[in-house]
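One structure is given here, and the rest of the page talks about it.
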Amino acid sequence: MKKLICLLLAVVLMVCGLAACGSKENPDTAASDLAYVQGKGTLVVGVTVYEPMNYKAEDGTWLGFDTEYAQAVSEKLGVEAEFVIIDWDNKYTELDAKSIDCIWNGMTITEEGRLNADISDPYVENAQVVVMAKDKLASYPDAESMKELTFAVETGSAGEKEAANAGFENVVVVADQSTALLEAASGSADACIIDITMADAMTGEGTSYADFGYSVRLAPEEYGIAFRKGSDLVAKVNEITDELLADGTLDALAEKYGGLKLIK
């Protein structure tokens, strides 16, 4: 009987040992998001094409403030930043499914965002602005005067939300902010609602939209980086951001990409 008990005990211990080993080899059971990212060697960043935050050069190289910011953080994490274009409407689904590790694309911090993700400290000030042909600006000095216009907005964006808040009923929803600006420029819409960071970078003298500008701001905002709920990457990225602010890296990037207003 004693031999049988010892044999059963040995079997139980062996099974437990195998289970423990199996859990160590499974990346999905990593102790933390930070360990998961460092284990695979990449930080997969979900983006849309949005100048001056994330956009491509003619040779396909990713450029932009958020691009270089993410690369600087990734270097300190000991991993490579990998940029993946996502459907902005499905960004939190992509995050939860681990198709991406974060959303780092001039993302406005909202209550919806806080419900669906853990978000970094805010790092850039922003606002939603109404962009239209410069020769029309004087005719539309405020939101109330624009009620009959047709607006292009990015799906799922702060611009779409502010269009609803302002009571604009003629709204065309498009894939991204670049397309919204193109809709206004082509005449398919009278105006578009986009981030002031994009408007400053892509309209006015010396740009492809030299005859376009803005005078009406709809809402002040702040940008943040979204991570999975409970992710320890949030605290780590906040820590690294403080280092990049202290050594001047982010100030240089803000100046390089149009004088963005950093939150320090």
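Of all the criteria given as (1) assigned to a strand (DSSP E or B); (2) aliphatic (A, V, I, L, M); (3) out of contact with any Cys (no Cβ under 9 Å at 6 or more places or on another chain), the one not satisfied by Leu137 is (1). When the stretch 31-47 is examined, which residues are found to be open to solvent by less than 40 Å² (accessible area, probe 1.4 Å) and at pLDDT below 95? Across the stretch 31-47, the qualifying residue is only Ser32.
Only residues that are touching an Asp or Glu at 6+ places or on another chain (Cβ under 6 Å), open to solvent by 10 Å² or more (accessible area, probe 1.4 Å) and within 15 Å of Leu34 (Cα to Cα) were counted across the stretch 94-108, and they come to 0. Screening Asp96 against (1) within 22 Å of Glu221 (Cα to Cα); (2) touching a residue at least 24 places away in the same chain (Cβ under 8 Å) leaves a single unmet condition, (1).
The sole residue among Ala235, Ala246, Ala252 that is modelled with pLDDT of 95 or more and within 18 Å of the chain's Cα centre (by Cα) is Ala235.
When Ile240, Ile263, Ile225, Ile193 are checked against the criterion of being within 21 Å of Tyr140 (Cβ to Cβ) and among the aliphatic types (A, V, I, L, M), Ile193 stands alone in meeting it.
Which ones in the stretch 109-128 are touching a strand residue (DSSP E or B) at 6+ places or on another chain (Cβ under 7 Å), open to solvent by 20 Å² or more (accessible area, probe 1.4 Å) and under 17 Å from Leu218 (Cα atoms)? Listed by number, the residues that qualify are Ile109, Glu125. Selection of the stretch 61-79 for residues being touching a helix residue (DSSP H, G or I) at 6+ places or on another chain (Cβ under 6 Å) and charged (D, E, K, R) yields Glu68, Lys76. Restricting attention to the stretch 69-93, the residues that are within 18 Å of Val49 (Cα to Cα), open to solvent by 50 Å² or more (accessible area, probe 1.4 Å) and either among the β-branched types (Val, Ile, Thr) or in a helix (DSSP H, G or I) (or both) add up to 4. Please return the ranges of strands (runs of 3 or more DSSP E) entirely within the stretch 153-264 where 1 or more residues are open to solvent by 50 Å² or more (accessible area, probe 1.4 Å), in contact (Cβ under 8 Å) with a residue 60 or more places away in the chain and on the phi < 0 side of the Ramachandran plot. The qualifying strands (runs of 3 or more DSSP E) are 212-227.
The values are calculated or read from the model by the stated rules, or taken from the named source; none is laboratory data. Since the model is a prediction, treat every value here as computed from it, not as a measurement. With ideal geometry, Cβ positions are generated from the backbone for all residues, glycine too; neighbour counts draw on all protein chains shown. Just the protein is used for accessible areas: all its heavy atoms, side chains included, with ligands, DNA and RNA removed. Shrake-Rupley method; radii C 1.70, N 1.55, O 1.52, S 1.80 Å.
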